[in-house]
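One structure below.
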Amino acid sequence: GKGPVEGLKLEDFEVLDEGVPVKLNYAGAGEEKLNLLLLLDVSGSMKFYLEQVGKRAKGILDLLRPEDRAGVMVFTKDTDYFRPFTADKDRVVFALDQALRPTDLPSGT
């Protein structure tokens with residue numbers, strides 16, 4: 001209750017997925033740069049939710065630090081990269097706006 005616990009190592013953690021142990025590859029206390037991939041379902045069944053998806057995705061971008069990077073990828077029947085990883089949040093927002101235009105979306109999943 002007085003701050004972070006210092007000196008923890010990878011082997012000090014146990015993560016379970018529905019009771020099954022999951023192998024951890026990394027645990028660190030440093031300020032690591034984050035690469036965030038926004039993978040968006042833009043299939044026909046999502047047509048009425050695209051505005052909400054866009055708002056939520058942009059809200060997540062507001063939480064990123066200047067050194068973090070984000071990319072945008074969409075999927076329907078196939079996947080498509082709209083924006084590779086970049087620290088330029090304006091470019092990511094532009095890619096989100098382009099990716100979530102309902103008139104340009106295929107209908108299948």
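The values are calculated or read from the model by the stated rules, or taken from the named source; none is laboratory data. Only a predicted model underlies this, so the values are computations on that prediction, with no experimental measurement involved. The area values use the complete protein model at the heavy-atom level, side chains included, leaving out ligands, DNA and RNA. Shrake-Rupley method; radii C 1.70, N 1.55, O 1.52, S 1.80 Å.
Measuring with a 1.4 Å probe in the full set of protein chains, what accessible area per residue, in whole Å², belongs to the chain?
76
Please figure out what share of the DSSP beta bridges in the chain is antiparallel and state it in percent, rounded to the nearest 5.
Rounded to the nearest five, the antiparallel share is 55 percent.
Rounded to the nearest 500, what is the 222 nm mean residue ellipticity of the chain from helices alone, with -39500 (n - 2.57) per DSSP H run of 4+ residues and division by all residues?
Calculated mean residue ellipticity at 222 nm is -6500 deg cm²/dmol.
Please check: in the Gaussian network model of the chain (C-alpha springs, under 10 Å), which one of 96, 39, 63 has the largest mean-square fluctuation.
Answer for the Gaussian network model of the chain: 63.
May I ask you to rank 85, 94, 13 by accessible area, largest first, using a 1.4 Å probe over the protein chains only?
Accessible-area ranking of 85, 94, 13, largest first: 94, 13, 85.
Please list 68, 12 from largest to smallest accessible area, probe radius 1.4 Å, with all protein chains kept in place.
Correct descending sequence by accessible area is 12, 68.
Who wins for biggest fluctuation among 84, 66, 21 in a Gaussian network model of the chain, springs between alpha carbons below 10 Å?
Result for the chain, Cα springs under 10 Å: 21 fluctuates most.
Just to confirm the number: angle between the C-alpha axis of helix 89-99 and the first principal axis of the chain, 0 to 90 degrees, nearest 10?
50
Got a number for carbon plus sulfur as a percent of the chain's accessible area, 1.4 Å probe?
Carbon plus sulfur share of accessible area: 53 percent.
For the Cα atoms of the chain, what angle does the longest principal axis make with the long axis of helix 50-61, in degrees from 0 to 90, nearest 10?
Relative to the chain, helix 50-61 is tipped by roughly 40 degrees.
Which of rounded, prolate or oblate describes the range 30-86 when judged by the alpha-carbon gyration tensor and an a/c cut-off of 1.5?
Note, shape of the range 30-86 comes out oblate.
With a cut-off of 8 Å between alpha carbons and a minimum separation of six or more residues, what is the relative contact order of the chain in percent?
27
With respect to the cross-link table entries 55/77; 9/33; 33/89; 9/58; 23/55, which display a Cα-Cα separation exceeding 26 Å?
Among 55/77; 9/33; 33/89; 9/58; 23/55, the Cα-Cα distance tops 26 Å for 9/58; 23/55.
Of the candidates 20, 93, 53, which one comes out as most mobile in a Gaussian network treatment of the chain with C-alpha springs shorter than 10 Å?
Largest GNM mean-square fluctuation: 20.
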